[in-house]
Amino acid sequence: VQLQASGGGLVQAGDSLRLSCAASGRFATGWFRQAPGKEREFVVGISFRDARATTYAAPVNGRFTISRDNAKNTVYLQMNSLTSEDTAVYYCAAWSVGANPLTDAYWGQGTQVTVSS
């Protein structure tokens, strides 16, 4: 499984940012993030077969939107209304159907998102 994340950067609070993840294979895909001094946490996931099948963590629900374009093998994370609490390294991850993404995911390299207040 190859996962290549991109799109991170430095933005101001209230701004938007879009992350991309080039993901090979037929896997559910999603994003985790890890803030300084904190454990890595699940952010959002999307099914490979049904792009409507998504799961969002409570802190990002309503602000972040995940989507995928299987023809381009790419998953997108649109992040709106960013706050300093969203500052973290964001990791793209992929997992098989039925697998636990918290323990059985494949990982890409992270991309830094920094939100200044």
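The values are calculated or read from the model by the stated rules, or taken from the named source; none is laboratory data. What you see is a predicted model, and the numbers here were worked out from it, not measured in a lab. Neighbour counts are summed over all protein chains in view; Cβ atoms, including those assigned to glycine, are modelled from backbone coordinates with ideal geometry. Just so you know, the surface numbers come from the protein's heavy atoms only, side chains and all, with ligands and any DNA or RNA stripped out. Shrake-Rupley method; radii C 1.70, N 1.55, O 1.52, S 1.80 Å.
Using alpha-carbon pairs under 8 Å, 6+ residues apart, how would you state the relative contact order of segment 12-105 in percent?
Contact order relative to length: 38 percent.
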| message | Let me spell out the model: positive unit charges on the Cβ of Lys and Arg, negative unit charges on the Cβ of Asp and Glu, origin at the Cα centre of the chain. What dipole size does that give, in debye rounded to 20? | response | 280 debye
| task | Leaving ligands, DNA and RNA out of it, rank Phe32, Phe42 by accessible area with a 1.4 Å probe, largest first. | result | Phe42, Phe32
| query | Per residue, how much accessible area does segment 1-87 have with a 1.4 Å probe, in Å²? | reply | 54 Å²
| field | Accessible carbon and sulfur surface of the chain relative to its total accessible area, %, 1.4 Å | value | 46 percent
| field | Accessible area, probe 1.4 Å, largest first, for residues Arg33, Arg63 | value | Arg63, Arg33
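Based on the Cβ-Cβ distance from Arg18 to Arg49, what FRET efficiency comes out when R0 is 30 Å, to the nearest 0.05? Could the numbers behind the result be given before it?
Numbers: r = 23 Å, r/R0 = 0.77.
Calculated transfer efficiency: 0.80.
Where both partners of a DSSP beta bridge lie in the chain, what percent of those bridges are antiparallel, to the nearest 5?
On the way: 37 of 42 bridges.
If I count the DSSP bridges inside the chain, around 90 percent turn out antiparallel.
Sort Tyr90, Tyr76 by accessible area with a 1.4 Å probe, largest first.
Numbers: Tyr90 0, Tyr76 40 Å².
Descending accessible area places them as Tyr76, Tyr90.
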| note | Expressed in nanometres to one decimal, the distance between label points 7 Å along Cα→Cβ at Leu10 and Ser117 is 1.8 nm
| remark: Counting only protein heavy atoms and leaving out ligands, DNA and RNA, the solvent-accessible surface of Cys21 at a 1.4 Å probe, in Å² to the nearest 10, equals 0 Å²
| With all protein chains modelled, accessible area of Asp69 [1.4 Å, Å²] | 50 Å²
